[in-house]
Amino acid sequence: MKLLLDQNLSYRLVKLLNDSFPGTQHADNIGLENCSDIKIWQYAKKNAFTIVTQDSDFFEFGLYDTAPTLVIWLRCGNRSTNDIANLLNNRKVAIEEVAKPSESWCLEIK
């Protein structure tokens with residue numbers, strides 16, 4: 001499973017997550033810097049990425065999309081880059097479970 005890190009997260013996470021989530025990218029590194037959230041959503045959906053964000057907009061997009069992309073919504077407040085990497089790496093199994101075909105499309109991590 002490859003993750004697409006939203007602009008509000010550090011690009012340094014790519015290196016810290018790539019062992020657990022190969023193919024992880026940061027929005028800024030693939031030409032999506034300063035793009036709207038809807039463009040990031042569309043890119044993730046088209047390219048089979050799971051979005052990782054602290055932004056509620058992606059949750060709201062999923063409410064209205066008939067086939068939403070998977071969203072990991074970090075609701076853990078301001079944390080260091082290493083703390084966020086540890087949160088995601090430690091929840092790899094839960095993230096993979098949500099990615100299985102089901103009605104779930106958003107995983108909130110607090």
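The values are calculated or read from the model by the stated rules, or taken from the named source; none is laboratory data. These figures come from a predicted structure and were not determined experimentally. Because the Cβ atoms are built from the backbone with ideal geometry, glycine has one as well, and the counts that use them run over all protein chains shown.
Okay, here's what the table says:
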item	result
Residue check, N89 touching a Ser or Thr at 6+ places or on another chain (Cβ under 6 Å), surrounded by 12 or more Cβ atoms within 10 Å (Cβ to Cβ), touching a residue at least 60 places away in the same chain (Cβ under 8 Å) and part of a helix (DSSP H, G or I)	yes
In segment 47-65, residue modelled with the lowest pLDDT [restricted to those that are touching a helix residue (DSSP H, G or I) at 6+ places or on another chain (Cβ under 6 Å) and either among the basic types (K, R) or crowded, with 18+ Cβ neighbours inside 10 Å (or both)]	F61
Residue list for segment 66-82, restricted to those being surrounded by 12 or more Cβ atoms within 10 Å (Cβ to Cβ) and either under 25 Å from S36 (Cα atoms) or charged (D, E, K, R) (or both)	P68, T69, L70, V71, I72, W73, L74, C76, R79, T81
Exclusive hit being out of contact with any strand residue (DSSP E or B) (no Cβ under 6 Å at 6 or more places or on another chain), over 19 Å from I109 (Cβ atoms) and among the basic types (K, R), set K92, K45, K2	K45
Count of residues meeting criterion [free of Cβ contacts under 8 Å to residues at least 40 places away in the same chain, part of a loop (DSSP other than H, G, I, E, B) and in contact with a Leu (Cβ under 8 Å, 6 or more places away or on another chain)] in segment 1-22	2
